[in-house]
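S.K.: Here you go, one structure.
The values are calculated or read from the model by the stated rules, or taken from the named source; none is laboratory data. No experiment lies behind these values; they were computed from the predicted model shown. All Cβ positions, even for glycine, are placed from backbone atoms using ideal geometry, and neighbour counts span all protein chains on display. When the accessible area is computed, the model is the full protein with side chains, heavy atoms only, and any ligands, DNA or RNA have been set aside. Shrake-Rupley method; radii C 1.70, N 1.55, O 1.52, S 1.80 Å.
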Amino acid sequence: EDQVTQSPEALRLQEGESSSLNCSYTVSGLRGLFWYRQDPGKGPEFLFTLYSAGEEKEKERLKATLTKKESFLHITAPKPEDSATYLCAVQPGGFQKLVFGTGTRLLVSP
Amino acid sequence: DVKVTQSSRYLVKRTGEKVFLECVQDMDHENMFWYRQDPGLGLRLIYFSYDVKMKEKGDIPEGYSVSREKKERFSLILESASTNQTSMYLCASSLGTGPSGDIQYFGAGTRLSVL
C-alpha cells in the first residue's frame, strides 16, 4: 500500500532559525514527489516536484531534496510569513492520483 | 495562472439532502479530482476524471458520485448527505501531459457542514 508519513506534526521556530521537515514514503514505483504549502482556510499551493533520488529544487528560503525513501524540505532563515502547513504527496507510477501525508504545521515567531 | 474555482466557500445542509459541489478550471486541463480533508487524516481522494464523461473511483467513493459533462467542470454529488460527510472538500486539476502535466492545482475549498 502506498503511504506517506510526515514529521514532525508541528514545528515552532524563531525567525531565522533554520530547520528541516521530513517526508518518508513507500510507493509502488515513484512517478513523482510533490510538496505543497497550505494556509488556513485555503487550498494547497504547489511548491516543488522531485522525480529521482538525488534531485534538489530551491525557491527562496525553501529547498527540497529526495532520496529513495524520503524527502526533506529545508527552511533556511525562516520568516513569519513562512508559517503554514506543508504537505508532501507521492504519485505512484502509472497513476494520475496523489497520495498525501497529513502535513507539518510550521509556526515561525518574530 | 491556473485558476480552479469552487462555487461555494461554505455550505450548511441537512441530513438526507442531495448536495452538489461545483468546480470549474480555466486551463483546458484533462484531469480533475475531488478530495476531502479531515484533521489527522490528510487529503483523501474521492473521485477523479481523466476525460469528459470518464471517471474513476478514488480511495473513499462511498456515498459520493461525480459528473463531468464538460471538460472544464467537475461536480461532486452527495446523494443523501450524512453528518460524517462534514468536511473540507477540495477540487484540483492537472494538465495530464508534458513535463509539468502531473502538477495538481487546487481550488480554495468548500467547507461543508451537515446537520
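S.K.: Identify the residue in the range A:25-45 that is in a strand (DSSP E or B) and more than 10 Å from the chain's Cα centre (by Cα) and, among all such residues, is farthest from the other protein chains (Cβ to nearest Cβ). Before you say what the answer is, go through the steps one by one.
M.R.: Filtering the range A:25-45 down to residues in a strand (DSSP E or B) leaves A:25-26, A:30-38, A:45.
Filter once more, keeping what is more than 10 Å from the chain's Cα centre (by Cα): A:25-26, A:30-32, A:38, A:45.
Numbers: A:25: 13, A:26: 15, A:30: 12, A:31: 7, A:32: 6, A:38: 9, A:45: 7 Å.
Residue satisfying both the conditions and the ranking: A:26.
S.K.: A further question follows. Could you give me the residue pairs with C-beta distances under 6 Å whose first residue belongs to the range A:30-46 and is farther than 17 Å from residue B:9 by Cβ, whose second residue is among the β-branched types (Val, Ile, Thr) wherever it lies, and which are 6+ apart or on separate chains?
M.R.: Matching pairs, first to second residue: A:32/A:49; A:33/A:90; A:34/A:49; A:46/B:103.
S.K.: Right, next: Restricted to the range B:25-56, and to residues that are over 13 Å from residue B:96 (Cβ atoms) and under 10 Å from the mean Cα position of the chain (by Cα), which residue is nearest to the other protein chains (Cβ to nearest Cβ)?
M.R.: Looking at residues that are over 13 Å from residue B:96 (Cβ atoms) and under 10 Å from the mean Cα position of the chain (by Cα), I get B:45.
S.K.: Collect the residues in the range B:57-96 that are within 8 Å of chain A (Cβ to nearest Cβ) and either open to solvent by 60 Å² or more (accessible area, probe 1.4 Å) or more than 18 Å from residue B:5 (Cβ to Cβ) (or both), keeping them in residue-number order.
M.R.: Across the range B:57-96, the qualifying residues are B:58, B:96.
S.K.: So residue A:28 ticks every box in (1) under 19 Å from residue B:37 (Cβ atoms); (2) open to solvent by 40 Å² or more (accessible area, probe 1.4 Å); (3) touching a Pro at 6+ places or on another chain (Cβ under 7 Å) but one. Which box is left unticked?
M.R.: Every condition holds for residue A:28 apart from (1).
S.K.: Return the residues of the range A:49-74 that are part of a loop (DSSP other than H, G, I, E, B), open to solvent by 60 Å² or more (accessible area, probe 1.4 Å) and under 21 Å from residue A:11 (Cα atoms); say none if nothing qualifies.
M.R.: If the condition is that a residue be part of a loop (DSSP other than H, G, I, E, B), open to solvent by 60 Å² or more (accessible area, probe 1.4 Å) and under 21 Å from residue A:11 (Cα atoms), then A:60 is the only one that fits.
S.K.: Mind listing whichever residues of the range A:94-104 are on the phi < 0 side of the Ramachandran plot and open to solvent by 30 Å² or more (accessible area, probe 1.4 Å)? Can you show your working first?
M.R.: First pass over the range A:94-104, keeping only residues on the phi < 0 side of the Ramachandran plot: A:95-102, A:104.
Selection gives A:95, A:96, A:97, A:102.
S.K.: Against the condition of a type in the set (S, T, N, Q), touching a His at 6+ places or on another chain (Cβ under 6 Å) and over 11 Å from residue A:89 (Cβ atoms), how does residue A:20 come out, does it pass? Don't jump to the end; show me each part of the working.
M.R.: Working: of a type in the set (S, T, N, Q): yes; touching a His at 6+ places or on another chain (Cβ under 6 Å): yes; over 11 Å from residue A:89 (Cβ atoms): yes.
So residue A:20 fits the description; yes.
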